[in-house]
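A short reminder: the numbers here are calculations on the coordinates, not readings from a lab. This structure is a prediction, so every number in the text was calculated from the model and none was measured. All Cβ positions, even for glycine, are placed from backbone atoms using ideal geometry, and neighbour counts span all protein chains on display.
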Amino acid sequence: MSARYDAIIIGAGIIGACTAFELAKRSWRTLNLDRLPAAGYGSTGSSCAIIRTHYSTLDGAALAWEGFFRWDDWAGYLETADERGLARFHKSGCLVMKTEANDFMRPICRHMDALGIPWEDWSPERIDARLPFYDLRSFGPPKSSDDPDFAVPSEGPRLGGIFFPCAGYIGDPQLASHNAQRAAEAKGSTFRFNAEVAEIRKADGRIAGVKLASGETIDAPVVINIAGPHSAKVNRLAGVKDMKIGTRALKQEVAHVPFLKSFDFGADGMVTSDGDIGCYCRPEVGNHIVIGTENPPCDRRDWVDPDDYDRNFSEQWQAQVERVAQRIPALGIPGHAKGAVDLYDVADDWIPIYDKSDIAGFYMAVGTSGNQFKNAPVAGAMMAELILACEQGRDHDREPLPFRLERAGHTISIGFFSRLREVNRESSFSVLG
Ligand SMILES: Cc1cc2nc3c(=O)[nH]c(=O)nc-3n(C[C@H](O)[C@H](O)[C@H](O)COP(=O)(O)OP(=O)(O)OC[C@H]3O[C@@H](n4cnc5c(N)ncnc54)[C@H](O)[C@@H]3O)c2cc1C
């Protein structure tokens, strides 16, 4: 007799695995299908996995604040062990440079105060004491390195920053996905790998299941698109029509560079977000620094087909490292590029879509825009509550479901993440969300 499932989840990245766990906790029998060989082998595996709470919208910050508590008690959240061990949350804190472009972080600090999230105002002298190798002159706005003004500092005062102590990074995002898989399996979920969904089946006006590339069919009344950068393709497979916000794949390069020998960046460094040079950074094992881009306007955005793009580094890698070398002049620039090349699944306003669709039984957690690793456990719970409510007859489009963030002490409307919303003008329209 073939197994029966209440829901099929397309994708086993961190959000797909956490959604399985949250549905399984609510007694749903779920099946995750992933075309890759293991959980977290897609874009999650390349993630910088930075955990931070500073978002440009209050709801975005509230979601991330709730997420912080899940990572801070990862073992308690999972309720189970993993034979590979648990992913570690390095609580390094996060320093965000204050610039004119971010209004010296005042709007974001107002969100932090509204939610009770701690922050500290760091003067240039305080930054000197923690990061003595930093050049705090302003080089912004970010420029390409062939611009004659590249690395020419402005006359203005040195930069200060806002430090968020409740922040850091997960060292191994693939392991975190495996942890969530094991937690879901312990509650009865099933995961299948090397299993590509090629067709989404419908009958009597609602979801009936999927067909794999191998030809095998699997039945379920609910299918959830958590396919990361393939989200738009999977929505097309399902025949979703009613969307005001679209998603598309954006190529991203992350540089891994040896840090200064004189400083233990892993022990004494932190996550940084620096709009003045258009980069974010975090420590990496072996005293390395990971450098990502905040996609400043001077850079071309490389929108690609997720099944057909160049996975090599480009001149973008060099640009990111050179930009950070403005702030850290002693940083050596290696001759060989190392790091990761992968994709963001970007929504039109860089805010995710956690929603139902116009097809009964078809749901989506997509458009995560390079900034939702940290929210995976909360997104999973939100998706589970949304699916349960809709399957019991709630019309979420007309009457958006509220969702209580217990640890953050705040209630949000899941309608904030609707596919039918207008583009949210409060967004940074960048990876910062
Ligand atoms: C370079 C980079 C840096 C990032 N840094 C951060 C960060 O610092 N902090 C943060 O919070 N977020 C960050 N993110 C974003 C974060 O990693 C993502 O939001 C999150 O990992 C998305 O998880 P997911 O489960 O939705 O998708 P994914 O991990 O992409 O998983 C989707 C899965 O679906 C599978 N799939 C697709 N199509 C099919 C199909 N037809 N059949 C079967 N399987 C299919 C894929 O194989 C894949 O495994 C970063 C992302 C990238 C790429």
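What is the Cα centroid distance between the range 137-167 and the range 195-215, reported in whole angstrom?
The distance from the Cα centre of the range 137-167 to that of the range 195-215 comes to 50 Å.
Can you compute the helix-only [θ] at 222 nm over the chain? Use -39500 (n - 2.57) per DSSP H run of at least 4 residues, normalise by all residues, nearest 500 deg cm²/dmol.
Computed ellipticity for the chain at 222 nm equals -7500 deg cm²/dmol.
Report the net charge of residues surrounding TYR169, where surrounding means a beta-carbon distance below 11 angstrom and charges are Lys +1, Arg +1, Asp -1, Glu -1.
+3
Residue by residue through the range 319-327, what is 3J(HN,Hα) from phi via Karplus (6.51 cos²θ - 1.76 cosθ + 1.60, θ = phi - 60°)? Round to whole Hz and write x for glycine and proline.
Here the 3J(HN,Hα) series is 4, 5, 5, 5, 5, 5, 5, 5, 7 Hz.
For ASN312 and ASP146, what is the calculated FRET efficiency with R₀ set at 25 Å and r taken between the beta-carbons, to the nearest 0.05?
Details: r = 21 Å, r/R0 = 0.82.
Rounded to the nearest 0.05, the efficiency is 0.75.
Taking the 0 to 90 degree range and rounding to the nearest ten, how far is the long axis of helix 173-186 tilted relative to the main principal axis of the chain, both from C-alpha atoms?
With both axes taken from Cα atoms, the answer is about 30 degrees.
Between GLU155 and ASP302, what's the calculated FRET efficiency when r is the beta-carbon distance and R0 is 45 Å? Round to 0.05.
It comes to 0.85.
Quick one: compute the contact order of the range 85-156, relative version, from alpha carbon pairs under 8 angstrom and 6+ residues apart, as a percent.
It rounds to 15 percent for the range 85-156.
Can you pull the one-decimal nm distance between simple spin-label points at THR411 and THR80, each 7 Å off the Cα toward Cβ?
Here the answer is 3.2 nm between the modelled labels.
Do any trypsin sites (Lys or Arg not before Pro) in the range 332-416 lie in a DSSP loop with no more than 11 other beta carbon atoms within 10 Å, and if so, which?
On the way: sites: LYS338, LYS356, LYS374, ARG394, ARG398, ARG404, ARG407; in loops: LYS338, LYS356, ARG394, ARG398, ARG407.
Counting only loop positions with at most 11 other Cβ atoms within 10 Å, the trypsin sites (Lys or Arg not before Pro) in the range 332-416 are ARG398.
So which trypsin sites (Lys or Arg not before Pro) in the range 158-236 end up in coil per DSSP with only 15 or fewer other C-beta atoms within 10 Å?
Hits after loop and neighbour filter: ARG158.
Which residues in the range 28-43 have a backbone N closer than 13 Å to a point placed 7 Å from the Cα of ARG4 along the Cα-to-Cβ line?
29
Report the FRET efficiency, 1/(1 + (r/R0)^6), for ARG106 and ALA330, where r is their Cβ-Cβ distance and R0 is 35 Å, rounded to 0.05.
According to the calculation, E is roughly 0.65.
Expressed in nm to one decimal, what extension gain is obtained for the pair ASP73 and GLU120 from 0.36 nm per residue of sequence separation less their Cα-Cα distance?
14.6 nm
So what's the angle, to the nearest 10 degrees on a 0 to 90 scale, between helix 106-115 and the longest Cα principal axis of the chain?
For helix 106-115, the angle is close to 50 degrees.
Out of every Cα pair in the chain, what percent are spaced more than 44 Å from each other?
I get 10 percent for the Cα pairs in the chain exceeding 44 Å.
If you plug each phi of the range 409-417 into the Karplus form 6.51 cos²θ - 1.76 cosθ + 1.60 with θ = phi - 60°, what whole-Hz ³J(HN,Hα) values come out, in order, with x for Gly and Pro?
Once θ is set to phi - 60°, the couplings for the range 409-417 become x, 8, 10, 10, 9, 5, x, 4, 9 Hz.
At a 10 angstrom cut-off on C-beta neighbours, averaged per residue, how do the peptides 69-78, 159-168 rank from highest to lowest?
Values: 69-78: 16.4, 159-168: 22.4.
Descending packing order for the listed peptides: 159-168, 69-78.
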